[in-house]
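The values are calculated or read from the model by the stated rules, or taken from the named source; none is laboratory data. The structure presented is a predicted model; accordingly, all values stated were derived computationally and were not measured. Please note: Cβ atoms are built from the backbone with ideal geometry, for glycine as well, and neighbour counts cover all protein chains shown.
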Amino acid sequence: MTTKYDVIVIGAGPAGYVAAIKAAQLGLKTACVEKWKKKDGRPSLGGTCLNVGCIPSKALLESSHKFESTQHELAAHGIDMGDVKFDVTKMMARKDQIVEQLTGGITGLFKHNGVDHLFGKGKLLKGKQVEFTPDDGSAVQVLDADNVILATGSVPVEIPPAPLTEGMIVDSTGALEFDSVPKRLGVIGGGVIGLELGSVWNRLGSDVVVFEAMDKFLAVADQQIAKESAKIFKKQGLDIRVGAMVAGTEIKGDEIVVTYKDKDGDKTEVFDKLIVAVGRRPYTEGCIADDAGVQMADRGFVHVDDVCQTSVPGVYAIGDLVRGPMLAHKGSEEGVMVAERIHGKPAQVNYDTVPSVIYTHPEVSWVGKTEEECKQEGIPYKAGTFPFAANGRALAAGEGSGMAKVIAHAETDRVLGVHIVGPNSGDMVAQAVIAMEFGSSAEDLGTIMFAHPTVSEALHEAAMAVDGAAIHIANRKKRA
Ligand code: FAD
Ligand code: NAD
């Protein structure tokens with residue numbers, strides 16, 4: 001095996017594996033050290049996202065949505081399904097098969113592109129060397145590289161009042177593996193994971209209570225959209241309690257007693273399973289030698305500049321390990337940028353257009369500034385909204401909840417942000433990302449032709465509503 005590489009990547013999540021593939025495509029001799037193994041000991045690429053994150057959660061969201069819509073929505077179409085049943089074991093097997101297929105796909109892509117997968121632990125040493133400890137117990141090797149990319153990702157945050165307890169108090173990984181539907185499920189954290197995994201088990205029949213410490217629901221989102229989303233989730237049966245701080249948990253037989261405090265004082269609730277989903281923290285344990293010279297930032301993140309260069313020239317850090325949203329696509333784009341920069345191209349990532357999607361039903365999606373951010377930053381803005389209740393395609397699909405919102409600069413009309421809760425909004429927000437990348441005005445979005453009938457017409461109409469010129473709703477303000 002060669003011990004000198006142009007690029008060594010540590011970590012093969014969506015940040016690291018994409019960086020490795022891109023570097024190899026650009027003709028750089030590349031290795032990727034990855035320690036993840038499946039329960040049966042086989043190596044697995046793809047990191048958190050493919051193994052225990054984005055992909056398995058979406059598989060369960062899809063299965064649970066199909067069950068719920070078959071049970072509750074088909075009757076309105078005149079379709080009688082009788083007694084609808086589901087099998088959790090089969091649902092889990094389907095999810096595992098999708099994970100197997102996709103993680104295996106990365107192995108294939110590494111082979112095809114000539115990336116060496118080194119199965120074991122990597123540690124950055126000083127002088128851009130990487131210590132590789134093979135998983136098979138063979139001798140530790142020290143590899144030389146001209147460039148090292150750290151992409152060791154993140155792990156769930158644990159909190160003292162709710163220590164993880166096998167099969168009862170679990171993190172997101174445990175919540176993807178329940179072998180039966182909990183009767184009562186508690187979720188600590190009303191963020192993305194809490195809403196997505198809370199929805200999965202709620203649809204399958206659990207009574208779900210979500211404890212959110214903050215007084216606001218989805219504080220990071222545009223609050224008009226957050227409020228609209230909260231209404232929809234409440235109707236779906238999610239019991240979301242804001243301003244609720246969990247103080248302790250106690251396991252009593254096969255029950256978990258949760259004590260929490262809200263504005264009315266101390267309270268308790270009893271569950272048979274509890275998910276802790278209060279955020280993730282960067283993972284660096286044993287990944288960077290003390291004398292490697294890599295400067296750290298706050299809260300365990302690796303310090304990097306705008307183009308993911310660490311304090312050591314030739315050593316980069318990307319993905320969940322560094323500042324910015326902990327999202328797979330953000331890490332992947334950083335991976336591409338770093339590989340291209342190593343190859344000599346002055347690539348950049350536009351952090352102003354990172355889309356966020358919460359894969360509930362309907363999806364909550366956004367890009368750019370919220371109305372609250374515009375106010376805080378003193379940016380003059382105007383906003384237009386359009387309800388899916390007035391969108392023909394959404395109604396035909398029985399998806400008339402939610403709205404699209406476009407925020408534009410009051411003087412230049414440039415689109416500053418787009419926020420949507422509604423059908424397939426995760427795909428719709430991509431149109432807004434493209435518009436913003438190309439410096440579109442709200443008027444541009446309003447004059448571009450959208451196919452009819454599509455749910456995307458809500459975005460088109462919201463852009464027109466910015467100037468009081470939507471066609472299919474009564475505008476609050478008339479165009480001058
Ligand atoms: P990771 O994916 O965490 O990968 C890091 C890799 O580094 C791991 O494979 C780890 O084994 C390896 N590693 C660590 N240390 C070493 C070492 N010393 N040697 C060798 N290997 C090492 N994001 C989205 O954008 N969309 C979603 O829908 C979404 N859903 C999610 C659902 C859940 C339940 C969770 C938990 C997360 C979800 N995320 C989602 C977040 C997404 O998974 C992360 O943002 C993404 O995986 C980060 O990529 P990364 O490559 O930086 O790190
Ligand atoms: P999050 O940051 O989205 O939400 C955590 C929530 O927990 C916050 O609302 C926070 O106020 C609350 N919280 C924190 N401490 C608490 C406490 N002690 N009691 C009650 N509430 C508390 O984090 P997450 O949902 O754990 O997700 C982790 C990361 O994974 C996120 O950064 C997210 O971007 C990523 N992720 C993304 C997707 C997606 O893109 N669809 C899906 C899942 C996860």
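Being crowded, with 22+ Cβ neighbours inside 10 Å, in contact with a Ser or Thr (Cβ under 7 Å, 6 or more places away or on another chain) and without any contact (Cβ under 8 Å) to a residue 60 or more places away in the chain narrows it down to one residue among Val415, Val421; which is it? Walk me through it before giving the result.
Values: Val421 fails: without any contact (Cβ under 8 Å) to a residue 60 or more places away in the chain.
Going through Val415, Val421 in turn, just one is crowded, with 22+ Cβ neighbours inside 10 Å, in contact with a Ser or Thr (Cβ under 7 Å, 6 or more places away or on another chain) and without any contact (Cβ under 8 Å) to a residue 60 or more places away in the chain: Val415.
Of the residues Glu100, Glu73, which is away from ligand 2 (no atom under 16 Å from the Cβ), among the charged types (D, E, K, R) and in contact (Cβ under 8 Å) with a residue 24 or more places away in the chain? Give the steps one after another, and end with the answer.
Values: Glu100 fails: in contact (Cβ under 8 Å) with a residue 24 or more places away in the chain.
When all the criteria are applied, what remains is Glu73.
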Item to check | Every pair of residues 6+ apart whose Cβ atoms lie under 6 Å, when the first sits in segment 285-304 and is surrounded by fewer than 14 Cβ atoms within 10 Å (Cβ to Cβ) while the second is small (Gly, Ala, Ser) and assigned to a loop (DSSP other than H, G, I, E, B) | outcome: Gln295/Ser311
Checklist outcome for this item: Checked segment 379-392 for anything buried (at least 19 other Cβ atoms within 10 Å of the Cβ) and assigned to a helix (DSSP H, G or I); matches are Phe388
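Suppose the filter is more than 15 Å from ligand 1 (Cβ to nearest atom), of a type outside the set (Asp, Glu), modelled with pLDDT of 95 or more and on the phi < 0 side of the Ramachandran plot; does Ile79 pass it? If you could, list the steps in order and put the result at the bottom.
Values: more than 15 Å from ligand 1 (Cβ to nearest atom): yes; of a type outside the set (Asp, Glu): yes; modelled with pLDDT of 95 or more: yes; on the phi < 0 side of the Ramachandran plot: yes.
Against the criterion (more than 15 Å from ligand 1 (Cβ to nearest atom), of a type outside the set (Asp, Glu), modelled with pLDDT of 95 or more and on the phi < 0 side of the Ramachandran plot), Ile79 qualifies.
So which residues in segment 177-221 are of a type outside the set (A, V, I, L, M, F, W, C) and either free of Cβ contacts under 8 Å to residues at least 12 places away in the same chain or away from ligand 2 (no atom under 15 Å from the Cβ) (or both), if there are any at all? Explain how you work it out, then say what you get.
Here is the first cut: in segment 177-221, the ones of a type outside the set (A, V, I, L, M, F, W, C) are 177, 179-180, 182-184, 186, 189-191, 194, 196, 198-199, 202-203, 205-207, 212, 215-216.
The answer is Glu177, Asp179, Ser180, Pro182, Lys183, Arg184, Asn202, Arg203, Gly205, Ser206, Asp207.
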Checklist entry - Which residues, taken from segment 69-102, are under 25 Å from the mean Cα position of the chain (by Cα) and hydroxyl-bearing (Ser, Thr, Tyr)? => result Ser69
Item to check | Those residues of segment 185-220 which are surrounded by 20 or more Cβ atoms within 10 Å (Cβ to Cβ), of a type in the set (Asp, Glu) and either more than 20 Å from Gly53 (Cα to Cα) or away from ligand 1 (no atom under 12 Å from the Cβ) (or both), in sequence order | outcome: Glu212
Checklist entry - If we scan segment 270-290, do we find a residue that is more than 24 Å from Glu212 (Cβ to Cβ), under 27 Å from the mean Cα position of the chain (by Cα) and away from ligand 1 (no atom under 15 Å from the Cβ)? => result no
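Identify all residues within segment 161-205 that are in contact with a Gly (Cβ under 6 Å, 6 or more places away or on another chain) and in a strand (DSSP E or B); write none if there are none.
First pass over segment 161-205, keeping only residues in contact with a Gly (Cβ under 6 Å, 6 or more places away or on another chain): 161, 181, 187, 202.
Matches in segment 161-205: Val187 only.
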Next on the checklist: Looking at segment 308-330, I want the residues that are assigned by TED's automatic domain parsing to the domain that holds Ile10 and have a partner that is of a type in the set (Ser, Thr, Tyr) and assigned to a loop (DSSP other than H, G, I, E, B) with Cβ atoms under 8 Å, at least 6 apart or on another chain. Which pairs are those?
Outcome noted: Tyr316/Thr310; Ala317/Thr310; Asp320/Tyr283; Leu321/Thr152; Leu321/Tyr283; Leu321/Thr284
Checklist entry - Is it true that some residue in segment 258-271 is outside the structural domain of Gly198 (by TED's automatic domain parsing), within 16 Å of ligand 2 (Cβ to nearest atom) and surrounded by 23 or more Cβ atoms within 10 Å (Cβ to Cβ)? => result no
Item to check | Residues of segment 302-337 satisfying the condition of being touching a strand residue (DSSP E or B) at 6+ places or on another chain (Cβ under 7 Å) and away from ligand 1 (no atom under 12 Å from the Cβ) | outcome: His303, Val304, Gln309, Thr310, Gly314, Val315, Tyr316
Checklist entry - Tell me, which residue of segment 151-160 that is part of a loop (DSSP other than H, G, I, E, B), within 11 Å of ligand 2 (Cβ to nearest atom) and not small (Gly, Ala, Ser) is surrounded by the fewest Cβ atoms within 10 Å (Cβ to Cβ)? => result Pro160
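One line per residue, one yes/no per condition, for (1) among the β-branched types (Val, Ile, Thr); (2) surrounded by fewer than 18 Cβ atoms within 10 Å (Cβ to Cβ):
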site	(1), (2)
Gly104	no, yes
Leu109	no, yes
Gly122	no, no
Asp135	no, yes
Gln141	no, yes
Asp144	no, yes
Ile149	yes, no
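Scan Gln348, Gln376 and give me the residue that is in contact (Cβ under 8 Å) with a residue 40 or more places away in the chain and more than 16 Å from ligand 1 (Cβ to nearest atom).
Numbers: Gln376 fails: in contact (Cβ under 8 Å) with a residue 40 or more places away in the chain.
Just a single option satisfies the conditions, and that option is Gln348.
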Checklist outcome for this item: Across segment 322-378, the tally of residues that are within 14 Å of the chain's Cα centre (by Cα) and in a loop (DSSP other than H, G, I, E, B) stands at 8
Checklist outcome for this item: Counting only residues that are part of a loop (DSSP other than H, G, I, E, B) and at negative phi, segment 212-231 contains a total of 9
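I'd like the full set of residues that are out of contact with any strand residue (DSSP E or B) (no Cβ under 6 Å at 6 or more places or on another chain) and crowded, with 21+ Cβ neighbours inside 10 Å, limited to segment 429-455.
Taking segment 429-455 first, the residues out of contact with any strand residue (DSSP E or B) (no Cβ under 6 Å at 6 or more places or on another chain) are 430-431, 434, 437-439, 443-455.
Result: Leu445, Gly446, Val455.
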